[in-house]
Amino acid sequence: TGVLETFRPQFHFTPKSNWMNDPNGMVYYAGEYHLFYQYHPFGTTWGPMHWGHAVSKDLMSWEHLTIALAPDENGAIFSGSAVVDWNDTTGFFHGGSGLVAIFTHADLYPNSDRPRQRQSLAYSTDQGRTWIKYEGNPVLTEESITDFRDPKVFWHEKTNKWIMILAAGDHVRFYTSLNLKDWHFASEFGTESGSHAGVWECPDLFELPVDGDKFNSKWVMLVSIGNDPAYAEGSRTQYFIGDFNGITFTNENGDDTVLWLDHGRDNYAGVTWSDIPPEDGRRLFIGWMSNWRYANETPTEAWRSSMTLPRELTLCETSAGVRLFQTPVAEVETIRQEKHYWDCLTIAPEENILSDVMGDKLEIIAEMELHSSREFGFKIRKSEIEETVIGYNAVEETLFIDRVKSGVSYFNEDFPCRHGFSLKAKNNRVRLHLFVDSASVEVFVNDGELVLTDQIFPDPTSKGLELYTKDGKVKLISLTMFHLNFNHS
Ligand code: FRU
């Protein structure tokens with residue numbers, strides 16, 4: 001409490017104190033969702049990396065646990081993944097099952113300042129409470145490749161092997177293994193494909209049905225790309241769609257096609273949960289809600305950075321081809337409190353139907369229809385001098401966030417900005433699903449076809465709201481708003 005806690009998110013994951021970056025090792029096991037994360041326990045900026053740890057039964061309320069992995073004689077603990085070794089392929093579990101973390105050990109080559117990145121293992125026989133580093137670490141090295149990190153491992157049913165995808169500078173590499181200890185190079189992908197506006201990091205690869213059809217599935221590859229000063233966007237995440245046969249990935253789009261996971265500025269290094277039970281079947285994602293462009297400078301005090309809401313990823317056929325959709329997990333509905341509802345209104349520029357509603361932790365679900373308005377949308381976290389705008393410009397046909405006046409933004413010149421993407425209204429309509437928290441806004445457009453995730457740092461007293469329209473009217477088909485909060489008993 002107090003000034004040190006200003007901007008503390010209420011329904012997004014944050015470490016209790018100190019620096020956090022990438023989500024790591026997400027795995028579901030024995031009734032718990034595990035979330036590990038890049039953590040610097042001794043400061044609020046990036047430093048010697050540990051894996052922080054939290055668990056949840058519902059993806060919404062998290063219990064903080066002690067640090068899972070700390071630096072050792074092989075170096076710091078960079079990003080990686082975790083799996084359940086159900087059949088004891090490692091021999092770590094005496095015929096039972098347990099958790100294995102596969103991560104990057106980062107240090108320097110002896111007598112040199114050249115970074116050395118090697119892949120290592122740790123395992124837990126007590127549901128992740130304590131971790132033992134494997135005595136044979138590291139298990140995978142490639143002396144000729146400097147950037148060689150962020151292993152994501154999964155079990156590939158068709159070939160009965162573990163597959164590792166990892167980032168190697170300007171491409172990803174695939175390795176296979178029977179026991180997680182011995183790895184064999186399989187193939188590489190990407191030097192000619194997608195965006196290279198930054199070093200490749202934190203890959204993921206998984207199969208998803210198209211429009212829910214199990215007989216028509218495709219493989220999705222996530223690749224985050226680091227902060228290159230040449231691009232105002234900073235660090236961001238792209239994805240590829242195609243096929244994976246256990247050895248090679250085939251991209252079904254052209255090499256020049258770039259598909260962005262998120263059109264906001266603050267969704268980086270996100271990957272998906274391993275071992276979600278088949279009866280659940282969801283592909284669950286969480287991202288780091290920050291950007292390397294300014295991550296070390298954001299105006300929080302006791303801690304730095306939070307995660308996005310947990311999201312479900314699906315594939316849907318669109319007029320442009322198959323695309324990755326994101327929706328907030330259904331569990332988010334459990335924190336809905338007081339509800340407001342409006343429908344069938346034609347709104348003119350001088351009115352604000354939300355003038356009596358205040359809130360800083362909100363879910364807003366709106367369907368709007370174009371009328372004579374040139375631009376319409378929502379202003380959130382509003383005061384006399386602050387506002388964050390989520391708008392649709394009907395003339396330019398763009399959906400955008402404008403955080404120029406969102407609050408504290410002096411800490412980096414690239415932070416105050418307006419950004420978005422082109423969007424043609426479907427049947428003249430635009431659907432917006434917004435989540436507003438103490439220091440963020442997440443915008444899911446047209447049922448998750450497009451997403452914008454942005455940090456904002458408004459004054460805690462900026463709680464005003466406006467549904468605005470410029471130069472003409474807009475039709476409000478429906479608007480549902482929930483105040484969000486945990487029911488603390
Ligand atoms: C991505 C990243 C990873 C690396 C980690 C270090 O944000 O740069 O590539 O493993 O952060 O903290």
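Among the GluC sites (Glu not before Pro) in the stretch 1-106, those located in a DSSP loop and surrounded by at most 10 other Cβ atoms within 10 Å of their own Cβ are 73. Treating each Cα of the stretch 380-489 as one equal point scatterer and applying the Debye formula with no solvent, the log10 of I(q)/I(0) at q = 0.22 Å⁻¹ comes out as -1.39. The per residue volume of the convex hull around the alpha-carbon atoms of the stretch 156-282 is 125 Å³.
With contacts defined as alpha carbon pairs under 8 Å and 6 or more residues apart, what's the relative contact order of the chain in percent?
Relative contact order comes out at 14 percent.
Note on the stretch 215-279: Kirkwood hydrodynamic radius from all Cα pairs is 13.8 Å, rounded to one decimal.
Regarding the stretch 30-98, what's the average projected area of the Cα-atom convex hull, expressed in nm²?
Taking the Cα atoms of the stretch 30-98, their convex hull projects to 6.1 nm² on average.
When the trypsin sites (Lys or Arg not before Pro) in the stretch 418-489 are filtered for DSSP coil states and for at most 10 other beta-carbon atoms within 10 Å of their beta-carbon, the remaining sites are 424.
Comparing the chain with the 2.2 N^0.38 Å rule of thumb, its C-alpha radius of gyration ratio is 0.97 (two decimals). Enumerate the lysines that residue 214 could reach by cross-link, defined here as Cα to Cα under 25 Å, with residues fewer than 8 away along the same chain left out. Cross-link targets: 152, 158, 161. Relative to the 2.2 N^0.38 Å rule of thumb, the stretch 271-397 has a C-alpha radius of gyration ratio of 1.35.
For the stretch 7-43, chymotrypsin sites (Phe, Trp or Tyr not before Pro) meeting the loop criterion (DSSP other than H, G, I, E, B) and having at most 15 other Cβ atoms within 10 Å: 42.
Averaged across orientations, what area in nm² does the convex hull of the alpha carbons in the stretch 55-175 project?
Convex hull of Cα atoms, orientation-averaged projection: 9.3 nm².
Compute for the stretch 309-457: radius of gyration divided by Kirkwood radius, i.e. Rg/Rh, restricted to C-alpha atoms, rounded to two decimals. Answer for the stretch 309-457: 0.94. Counting other Cβ atoms within 10 Å as a rough exposure proxy, the listed residues 152, 379 run 379, 152 from fewest neighbours to most.
Every number in this text was worked out from the coordinates using simple rules, so none of it is lab data. Note that the structure is a prediction, hence the values are computed from the model and not measured. Cβ atoms come from the backbone with ideal geometry, glycine included; neighbour counts cover every protein chain shown.
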